[in-house]
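Participant: The structure follows.
The values are calculated or read from the model by the stated rules, or taken from the named source; none is laboratory data. The structure displayed is predicted, hence computed values, not measured ones. Cβ placement follows ideal geometry from the backbone for every residue including glycine, while neighbour counts extend to all protein chains displayed.
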Amino acid sequence: MKQRPAILLFLLAPIAIAATAESPRSGGQLTFALQAEPKTLDGLKAGDENSSLIRYLTGGMLIRLNRHTQQLEPELAISWKTAGAGKSIAFRLREGLSFSNGTPFRASDVCYTFGRLMDPSVDSPFADNFAAGKGKTTCQADGNYGVTLTFPIAINAVERLFDDIPIQSASAAKPESAAMGPFVVTEQQAGVYLILSRNPNYWKRDERGAKLPYLDSLRIEVQRNRDLELMRFRKGELHLVNNLDPESFDRVKSEMPDAARDLGVSIDAEQLWFNQVPSAPLPANKKAWFASREFRQAISLAISREDIVRVVYRGHASPASGIISPANKLWWNSSLKVPATDTAQALEKLRRDGFTFKDGVLKDRTGEPVEFSIITNSGNKSRERIAALIQQDLKAIGIRVTVVPLDFPSLISRITENFNYELCLLGVVISDTDPNGLGSVIESSGAGHAWNPNQKAPATDWEAELDKAMVAQASAADMAKRKAAFDRVQQIIADQAPILYLANRHSLVAAPARLGNFDPSILWPQILWNADHLYLRP
Amino acid sequence: MGAAGANPVTPFRAVCAVVLVLLALAALFAGSLTRHSYDEQMRVIPDAPPSKDFPLGTDELGRDRLARLLYGARVSFALAPVAALLSVALAALLGGWAAFQGGWCERLITGTSNLTLSLPWLFLLMGVRAALPLNTSPAASVSITFALLGVLGWAGPAQVVRSGVASLLASDFVRGARSRGVSKPRILLDLLPNLRPALSAQFWTSVPLFILAEANLGMLGLGVSEPLPSLGNLLHGLESQVAGWDHPFARYWLFAPVLVLTLVLSCLRILFPSEVHQ
């Protein structure tokens, strides 16, 4: 008898929870800001973060990476099967779906999408991930709902790459006019805002059978100034802020403790790289400096990562040891150590490389004083402060640094088109935890190989070794072998220091209590990863 | 400036003159008044409140705010008047010449000034920045910035000068001079003292405009770059303060650049009332 009330309580609990559970409310417009206008609305060309966000919100992918569980989930494909250790992949597609413009979704759309993706004239940043340079990829439709892709080489964990590929309609006039994702671009005022409206043909429903997304539309404003973005957030004009800077985060936290959330170390990093493009319009002596491993390592040793974390990030970051953050527990190479700040050792390395340090000035073997510029994007206070710290750190080893904050389009143009820069300080946003997602960054032929992109053949032995190790990790069937190969990749990058990884930021976000289903992920795009489930309370 | 002599000396005006002289001296001898250089980072005490060592505290990187203010004032108050002088000189030359010559010359100069006023000159500045070598030193960068502002600022004042000269040319004394066969350049030179109030007014209104324009350019990386301070980038640094997070007076010392700018402009207004008023 004594047990009875407890049992009754247990039985009634689900009923009570169901009665009090809140029903998501459909409708409303969610407003937030981006710091720059998306460079393109064509998801296959979206390489920058802002364009990628539009792709994420509008694109329908065959397979999605669940940002919360970090597991792959079926989306437009209900099942898939790889063969030949990743040489091909066969999909069974979801039936009865339509693009936002009403045209039916078929296997031919998948083949059309991959035809565009591998088309050199499209110059997609994702083509390299599918071994575009190694041969031809074929797409074979099997009826309307079956499709098989065959790649020139075996690509391990190839299924993870499909999270970046939005399926486009073969019959749409423009790629962005027909979407399979929760939203579709319906209005754009260049440089001011974009409106993404609910895709009326979005196929997903919530657990109660209600249509998704809950929101009618997203208003994405271009707001370069983050202080103004914060001010508007406080006034309630913006509903969320992703990637808060630490100063603003502390302020939001003190004023609205429930709105601000530190999600811990992210997989993103702040990085500084040396321009090693052979055709770059730089003096020969500077090219020689940047091509010298000793020189790059000396710069790395002279920079205080601890000060960057403490002064710039107010503790909301960790000093970085390499390309992979400790937050990526599966792939992080734990044997890599954060380079300790050591000015004496830096000078010793420079001396061994033929540099001389006298009267506070470092000179190269031709007697030329060592000075260079660091470009970064203007308006990002944290980055401008990091640049100022580096400026003083390098002054200690006799290097004069000029910091040049540039507007984002100018900066992108310099680092991807004319290569008229010396060093660049920028953040890297990683949306996938798997190494295959970094193919474009690590492989010498990749467009994202920041220090010397799109190489026809590896320019150095160590880049050739990087390519080899990436192929090894991508084609190894055994997880331990993949890990060993990718550990080697991380070790080479740490040893050669083409990119100096400075700090892994914490993921800092803010949203008011009225944002329903607020469940941010440590992975990009943090708050917006479940945009189709977000709703606004009255 | 000469008009100051025409204004009576009052105690209030004397105080203003003293304030300006003291500020000028402080900016000039900044190195002797502060214990730290404007670019020295004391990273163990970032964002510190005022203390005996740091009367205005330290900034986010631990740099002495007082040193940065004094050096910044030196940069801005030295270069903004130079830029204003350049724009007024160009305006006097082109506006005066347009009115004096009339005909196609006047139409050409007026048309060019209208075009200059309507063009988004910001893009020109961005183009110039793109063309500048990235290693341009902060000192060269700030000089080029102010020189560009000066060159681009001629159009508005030129229209004022043109209409001023046109009305003077219709006056009896100019007609008399012409009838006596006085040469054109000579007449133009004789007109200059009569244009002084208008030119003065343009000069004094341009100075604060150029200081603020430099602050805006800093947002695009076109202004004064790190670590050199200027009133412009110090004001820019206040943006987060005016975003309304803190009580306006909670960190009062941060507003010293605003105070200095306001003080200087107010004192100039009081010392040269006729010029500024015009």
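Participant: Tally up the residues in segment A:24-66 that are more than 23 Å from A:LYS211 (Cα to Cα) and in a loop (DSSP other than H, G, I, E, B), please.
Facilitator: Matching residues across segment A:24-66 total 14.
Participant: Of all residues in segment A:355-383 being in contact with a helix residue (DSSP H, G or I) (Cβ under 8 Å, 6 or more places away or on another chain) and among the polar types (S, T, N, Q), which is nearest to the other protein chains (Cβ to nearest Cβ)?
Facilitator: This residue is A:SER378.
Participant: A further question on this structure: Which one of the conditions (1) modelled with pLDDT of 80 or more; (2) on the phi > 0 side of the Ramachandran plot does B:PRO257 fail to meet, given that it meets all the rest?
Facilitator: (2)
Quick grid of which residues meet (1) among the polar types (S, T, N, Q); (2) within 14 Å of chain A (Cβ to nearest Cβ):
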residue: B:GLY72; (1), (2): no, no
residue: B:PRO81; (1), (2): no, no
residue: B:VAL88; (1), (2): no, no
residue: B:LEU108; (1), (2): no, no
residue: B:SER113; (1), (2): yes, no
residue: B:VAL128; (1), (2): no, yes
residue: B:ALA131; (1), (2): no, yes
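Participant: Okay, next question. Quick check: is even one residue across segment B:156-166 farther than 30 Å from B:SER230 by Cβ, in a helix (DSSP H, G or I) and out of contact with any helix residue (DSSP H, G or I) (no Cβ under 6 Å at 6 or more places or on another chain)?
Facilitator: Checked against the condition, which is being farther than 30 Å from B:SER230 by Cβ, in a helix (DSSP H, G or I) and out of contact with any helix residue (DSSP H, G or I) (no Cβ under 6 Å at 6 or more places or on another chain), segment B:156-166 yields at least one hit.
Participant: Being without any contact (Cβ under 8 Å) to a residue 60 or more places away in the chain, within 14 Å of another protein chain (Cβ to nearest Cβ) and farther than 24 Å from A:GLN223 by Cα, is that true of even one residue in segment A:419-438?
Facilitator: no
Participant: Looking at the structure I just gave you, is A:ILE308 within 25 Å of the chain's Cα centre (by Cα), crowded, with 22+ Cβ neighbours inside 10 Å and in contact (Cβ under 8 Å) with a residue 24 or more places away in the chain?
Facilitator: Yes.
Participant: Would you confirm, using the coordinates I've provided, whether B:SER230 is at pLDDT below 80, of a type in the set (S, T, N, Q) and farther than 27 Å from B:GLY96 by Cα?
Facilitator: The answer is no for B:SER230.
Residue-by-condition table, conditions (1) among the acidic types (Asp, Glu); (2) free of Cβ contacts under 8 Å to residues at least 40 places away in the same chain; (3) facing another protein chain (nearest Cβ under 9 Å); (4) in contact with a Pro (Cβ under 7 Å, 6 or more places away or on another chain):
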position	(1), (2), (3), (4)
A:ARG385	no, no, yes, no
A:GLY398	no, no, no, no
A:VAL403	no, yes, yes, no
A:SER410	no, yes, yes, no
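Participant: Note down all Cβ pairs under 8 Å where the first residue falls in segment A:514-525 and is on the phi > 0 side of the Ramachandran plot, the second is outside any loop (DSSP other than H, G, I, E, B) and surrounded by 20 or more Cβ atoms within 10 Å (Cβ to Cβ), and they're at least six residues apart or on different chains.
Facilitator: A:ASN517/A:TYR535
Participant: Return only the number of the condition from (1) farther than 27 Å from A:SER26 by Cβ; (2) out of contact with any strand residue (DSSP E or B) (no Cβ under 7 Å at 6 or more places or on another chain); (3) not aliphatic (A, V, I, L, M) that A:TYR202 does not satisfy.
Facilitator: Here A:TYR202 meets the rest and fails (1).
Participant: Additional query: Name the single residue that is farthest from A:THR113 (Cα to Cα) among those in segment A:46-86 being in contact with a Ser or Thr (Cβ under 6 Å, 6 or more places away or on another chain) and at pLDDT 90 or above.
Facilitator: This residue is A:SER51.
So that you can scan it fast, the table gives a plain yes or no per residue for (1) farther than 30 Å from B:HIS236 by Cα; (2) without any contact (Cβ under 8 Å) to a residue 24 or more places away in the chain; (3) charged (D, E, K, R):
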{"residue": "B:LEU69", "(1), (2), (3)": "no, no, no"}
{"residue": "B:ARG74", "(1), (2), (3)": "no, no, yes"}
{"residue": "B:LEU79", "(1), (2), (3)": "no, no, no"}
{"residue": "B:LEU86", "(1), (2), (3)": "no, no, no"}
{"residue": "B:LEU90", "(1), (2), (3)": "no, no, no"}
{"residue": "B:GLY102", "(1), (2), (3)": "yes, yes, no"}
{"residue": "B:ARG107", "(1), (2), (3)": "yes, yes, yes"}
{"residue": "B:SER118", "(1), (2), (3)": "no, yes, no"}
{"residue": "B:TRP121", "(1), (2), (3)": "no, no, no"}
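Participant: What about A:ALA210, is it free of Cβ contacts under 8 Å to residues at least 24 places away in the same chain and either surrounded by fewer than 17 Cβ atoms within 10 Å (Cβ to Cβ) or under 22 Å from A:ILE308 (Cα atoms) (or both)?
Facilitator: No, not satisfied.
Participant: Another question, if that's okay. Within 23 Å of A:ASP128 (Cβ to Cβ) and in a loop (DSSP other than H, G, I, E, B), is that true of A:THR69?
Facilitator: The answer is no for A:THR69.
Participant: OK, next. Kindly provide the set of residues from segment A:258-281 that are within 24 Å of A:ILE375 (Cα to Cα) and surrounded by fewer than 20 Cβ atoms within 10 Å (Cβ to Cβ), ordered by number.
Facilitator: Within segment A:258-281, A:GLN271, A:PRO278, A:SER279, A:ALA280, A:PRO281 qualify.
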